[in-house]
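S.K.: Here's a structure for you.
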Amino acid sequence: MRREPRPLTARQEAVLAVIRSWLTEHGHGPTVRKIGARVGLSSTSSVAHQLTQLEKRGLVSRTGRDWSSCVLREEKPVRPSGLRSR
């Protein structure tokens, strides 16, 4: 039985939006602190946790060691929850 991935949380959507806009404006990824400031998280470990979750889902990846080197991956559509077929 294959499990469908869960939809993104509101916070994960916000983090992705910040990364998307920052890449457009600056040409490189934002720092963890910049992401936190824009989404309302003061803890860098909370931001890093959100980024790690997005990385596990294949939505972002790092080209270097820091998150400021992150790039967006193609977003996979997630089916809304509801009735499941067998």
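S.K.: Can you report the number of residues in the stretch 1-30 which are under 16 Å from T44 (Cα atoms) and modelled with pLDDT under 90?
M.R.: Going through the stretch 1-30 one residue at a time, the tally reaches 1.
S.K.: Go through the stretch 26-61 residue by residue and tally those that are part of a helix (DSSP H, G or I) and of a type outside the set (D, E, K, R). Even if it seems obvious, please write down each step before you answer.
M.R.: To start, the set of residues in the stretch 26-61 that are part of a helix (DSSP H, G or I) comprises 26, 32-39, 44-56.
Remaining after also requiring of a type outside the set (D, E, K, R): 26, 32, 35-37, 39, 44-54.
The number of residues fulfilling the criteria is 17.
S.K.: Whether any residue in the stretch 23-32 is of a type in the set (D, E, K, R), open to solvent by 80 Å² or more (accessible area, probe 1.4 Å) and either at negative phi or in contact with a Pro (Cβ under 9 Å, 6 or more places away or on another chain) (or both) is what I want to check. Don't jump to the end; show me each part of the working.
M.R.: Just the residues of the stretch 23-32 that are of a type in the set (D, E, K, R), to begin with: 25.
Now restrict to residues that are open to solvent by 80 Å² or more (accessible area, probe 1.4 Å): 25.
Subset that is either at negative phi or in contact with a Pro (Cβ under 9 Å, 6 or more places away or on another chain) (or both): 25.
So far as the stretch 23-32 goes, yes, one or more of its residues are of a type in the set (D, E, K, R), open to solvent by 80 Å² or more (accessible area, probe 1.4 Å) and either at negative phi or in contact with a Pro (Cβ under 9 Å, 6 or more places away or on another chain) (or both).
S.K.: May I pose another question? Tally time: how many residues in the stretch 1-22 are assigned to a helix (DSSP H, G or I) and crowded, with 16+ Cβ neighbours inside 10 Å? So that I can check it myself, show each step before the final result.
M.R.: As a first pass, look at the stretch 1-22 and keep what is assigned to a helix (DSSP H, G or I): 10-22.
From what's left, crowded, with 16+ Cβ neighbours inside 10 Å: 11-12, 14-16, 18-19, 22.
Final tally of qualifying residues: 8.
S.K.: Does R33 count as among the basic types (K, R) and at pLDDT below 90? Before the answer, list the steps.
M.R.: Values: among the basic types (K, R): yes; at pLDDT below 90: no.
For R33, the condition - among the basic types (K, R) and at pLDDT below 90 - is not met.
S.K.: Can I ask one more? Out of all the residues in the stretch 38-48, is one or more modelled with pLDDT of 75 or more, of a type in the set (S, T, N, Q), open to solvent by less than 40 Å² (accessible area, probe 1.4 Å) and out of contact with any Ser or Thr (no Cβ under 7 Å at 6 or more places or on another chain)?
M.R.: No, that holds for no residue.
S.K.: Residues that are assigned to a helix (DSSP H, G or I), modelled with pLDDT of 75 or more and open to solvent by 100 Å² or more (accessible area, probe 1.4 Å): does the stretch 62-81 have at least one?
M.R.: Checked against the condition, which is being assigned to a helix (DSSP H, G or I), modelled with pLDDT of 75 or more and open to solvent by 100 Å² or more (accessible area, probe 1.4 Å), the stretch 62-81 yields no hits at all.
S.K.: Look at the stretch 1-32 and say how many of its residues are over 16 Å from T52 (Cβ atoms) and either touching a residue at least 40 places away in the same chain (Cβ under 8 Å) or of a type outside the set (D, E) (or both).
M.R.: Residues in the stretch 1-32 being over 16 Å from T52 (Cβ atoms) and either touching a residue at least 40 places away in the same chain (Cβ under 8 Å) or of a type outside the set (D, E) (or both): 15 in total.
The values are calculated or read from the model by the stated rules, or taken from the named source; none is laboratory data. Since the structure is predicted, the reported quantities are computational estimates derived from the model, not experimental observations. With ideal geometry, Cβ positions are generated from the backbone for all residues, glycine too; neighbour counts draw on all protein chains shown. For accessibility, only protein heavy atoms count, side chains too; no ligands or nucleic acids. Shrake-Rupley method; radii C 1.70, N 1.55, O 1.52, S 1.80 Å.
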